[in-house]
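*Asks:* The following block contains the structure, expressed as C-alpha cells.
Quick note: the coordinates plus some simple rules give every number you see, no bench work behind them. Here the structure is a predicted model, which is why all the values come from computation and not from measurement. Positions of Cβ are backbone-derived with ideal geometry, glycine not excepted, and every protein chain shown enters the neighbour counts.
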Amino acid sequence: MAKFRFCFFCVSCILLSSVLGQGPEDAFAPEGVGRREMVPAMFIFGDSLIDNGNNNDLPSFAKANYYPYGIDFNGGPTGRFSNGYTMVDEIAELLGLPLIPAYSEASSNQMLHGVNYASAAAGILDITGRNFVGRIPFNQQIRNFENTLDQLTDSLGAVDVAQAIARCIFFVGMGSNDYLNNYLMPNYPTRNQYNGQQYADLLIKQYTQQLTRLYNLGARKVVLAGLGIMGCIPSILAQSANGRCSDEVNQLILPFNANMKTMINNLNTNFPGLHIVYIDIHNMFQDILTNHRSYGFSVINQGCCGIGRNRGQITCLPFQTPCPNRNRFVFWDAFHPTEAVNIIMGRKAFNGDTSAVYPINIQQLANI
C-alpha cells in the first residue's frame, strides 16, 4: 500500500429527531424508541479514522474488512481501521445512540439513527487518495447525505425534516489525506505547485465552500476537527534515520489548523444561527504522547500491527498476529490510533475543556 496512508479526521453530523409527533424536531425517530438519546441520530463524514465499511465493496486498496482489524470489536472486522472502536463510535455511545451504520449498508429504518458516509483515503480535494483507486471524496459524501435527506423528506415530509435538520450537529474533520495522500506523495504535482501556506489556503477555500453547502442543507450545529501530529505516526517514523517525529510534516499542517480557526470565526460571524466548535486534535494528541504513561500507554512509537521499522513500513496485513497488549499502544497500525486512544479523544471531544474543544464541547452543543 502507498507509503503515506493516514487519515486523521472525519466529518459527522448528529441529526435531531424523536418520537410520536412531539414537535418538528422529533421528526426522525422510529416508533417505540425511548428518550435516553441526547440527540436521536448522527450523520458522519470523514476518512479512514471513522470509515466503518463504506470502502468494503469499492475497488480500493484502502480497506480494513479483514482480521486482525476489529479484533476487539463485537462482530469482528467491519471496515473500521482500528482494533475496536473509532472516535465517533465512542461519541455515539456518549450521546446515547446505537453505533451508526455505513451508508453502503444502512436500511431505511437505520437511517433514522444516522448514517456514516466516511471513506478511507478521502480528502477535501477530489483528487486526493487516487493511489488507492476507489474512495469517496468529501464532495461525494455530501451528495450522499443529500440523497439521505431526500429519502427522509419523502417519508417524513419537508417541513418536519427541515426543522429537525436545524438541530443537527455536523461533525466535520477532513484534511489529513490531502497532505499524506496528496501533497507528500511523490507522484502528485501539488508540492511543486504550492508552498505550505498556499496549499493550506487552497484547502480552506474549498473546505469553506463545502461547509457552506452543509449550511445550505440546514446545518446549524457543526463540530470541526483539526489535524493531528501526523509527523509522529509509525509510517513517518519508519522513514526517519533517527526514529524521531518529522518536524517537516508537523510544521506543514500548522497553517491548515490556523486557517481553520480563522474560517470558523468567519463562518460563525457571517452565517445566521450557525454554531461551530473546534476540536483541537493537535493538542489532544500532543498531550497523549507527552503524558502517555498517565494514560496507561507504554508504546508510542510503533504500531501494534504492522511490519518493518516501527511496525510502520507495511501496514497491518490479513491474519497478521497483532500485539497482545493493545491497550498499552497509542498506534494500532502504521497510520491509525488504537481503540484506547479513540475512546480518550472521543470523550475529550464530548465533555472536555477548552484545551481540547472550543468554545464549547459536543455535549454542550447538543444541548443548545
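*Asks:* Return a yes/no flag: does segment 145-160 have any residue that is within 17 Å of SER48 (Cβ to Cβ), over 16 Å from the mean Cα position of the chain (by Cα) and not in a helix (DSSP H, G or I).
*Replies:* Within segment 145-160, not a single residue is within 17 Å of SER48 (Cβ to Cβ), over 16 Å from the mean Cα position of the chain (by Cα) and not in a helix (DSSP H, G or I).
*Asks:* Specify the residue that is surrounded by the fewest Cβ atoms within 10 Å (Cβ to Cβ); the eligible residues are those in segment 104-122 that are under 17 Å from PHE171 (Cβ atoms) and not aliphatic (A, V, I, L, M).
*Replies:* Among residues in segment 104-122 that are under 17 Å from PHE171 (Cβ atoms) and not aliphatic (A, V, I, L, M), the one surrounded by the fewest Cβ atoms within 10 Å (Cβ to Cβ) is HIS113.
*Asks:* With the checklist (1) closer than 18 Å to ASN250 by Cβ; (2) in contact (Cβ under 8 Å) with a residue 24 or more places away in the chain; (3) not basic (Lys, Arg) in hand, flag the one item ALA356 doesn't pass.
*Replies:* (1)
*Asks:* Among ILE142, ILE165, which is the only one that is touching a residue at least 24 places away in the same chain (Cβ under 8 Å) and surrounded by 23 or more Cβ atoms within 10 Å (Cβ to Cβ)?
*Replies:* The match here is ILE165.
Residues are listed down the side, and each one gets a yes or a no for (1) in contact (Cβ under 8 Å) with a residue 60 or more places away in the chain; (2) in contact with a Leu (Cβ under 9 Å, 6 or more places away or on another chain):
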| site | (1), (2) |
| --- | --- |
| MET263 | no, yes |
| ASN291 | no, no |
| PHE329 | no, no |
| TRP332 | yes, no |
| HIS336 | yes, yes |
| GLN364 | no, no |
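*Asks:* Still on this structure, please answer the following. Looking only at segment 328-368, count how many residues are part of a helix (DSSP H, G or I) and either surrounded by fewer than 19 Cβ atoms within 10 Å (Cβ to Cβ) or aliphatic (A, V, I, L, M) (or both).
*Replies:* Final tally of qualifying residues: 14.
*Asks:* If you don't mind, another one. Out of all the residues in segment 198-210, is one or more in contact (Cβ under 8 Å) with a residue 60 or more places away in the chain and buried (at least 22 other Cβ atoms within 10 Å of the Cβ)?
*Replies:* yes
*Asks:* Something else: Can you tell me which residue is surrounded by the most Cβ atoms within 10 Å (Cβ to Cβ) among those in segment 255-304 that are within 19 Å of the chain's Cα centre (by Cα) and of a type in the set (D, E, K, R)?
*Replies:* ASP280
*Asks:* When the residues of segment 288-320 are narrowed to those that are part of a strand (DSSP E or B) and among the small types (Gly, Ala, Ser), which ends up nearest to ALA64 (Cα to Cα)?
*Replies:* Looking at the filtered set, the residue picked out is GLY306.
*Asks:* While we're looking at this one, here's another question. Which residues, counting only those in segment 81-136, are without any contact (Cβ under 8 Å) to a residue 40 or more places away in the chain and under 12 Å from the mean Cα position of the chain (by Cα)?
*Replies:* None - no residue of segment 81-136 is without any contact (Cβ under 8 Å) to a residue 40 or more places away in the chain and under 12 Å from the mean Cα position of the chain (by Cα), so the list stays empty.
*Asks:* Looking only at segment 234-254, filter to residues that are among the polar types (S, T, N, Q) and outside any helix (DSSP H, G or I); which one of those is surrounded by the most Cβ atoms within 10 Å (Cβ to Cβ)?
*Replies:* The residue in question is SER246.
*Asks:* For the list (1) of a type outside the set (Ser, Thr, Tyr); (2) out of contact with any strand residue (DSSP E or B) (no Cβ under 8 Å at 6 or more places or on another chain); (3) farther than 17 Å from PHE43 by Cβ; (4) surrounded by fewer than 24 Cβ atoms within 10 Å (Cβ to Cβ), I need the number of the one condition that GLU93 fails.
*Replies:* Among (1) of a type outside the set (Ser, Thr, Tyr); (2) out of contact with any strand residue (DSSP E or B) (no Cβ under 8 Å at 6 or more places or on another chain); (3) farther than 17 Å from PHE43 by Cβ; (4) surrounded by fewer than 24 Cβ atoms within 10 Å (Cβ to Cβ), the lone unmet condition for GLU93 is (3).
*Asks:* Exactly one of these conditions fails for LEU227: (1) under 18 Å from GLN197 (Cα atoms); (2) outside any loop (DSSP other than H, G, I, E, B). Give me its number.
*Replies:* Status for LEU227: all satisfied but (2).
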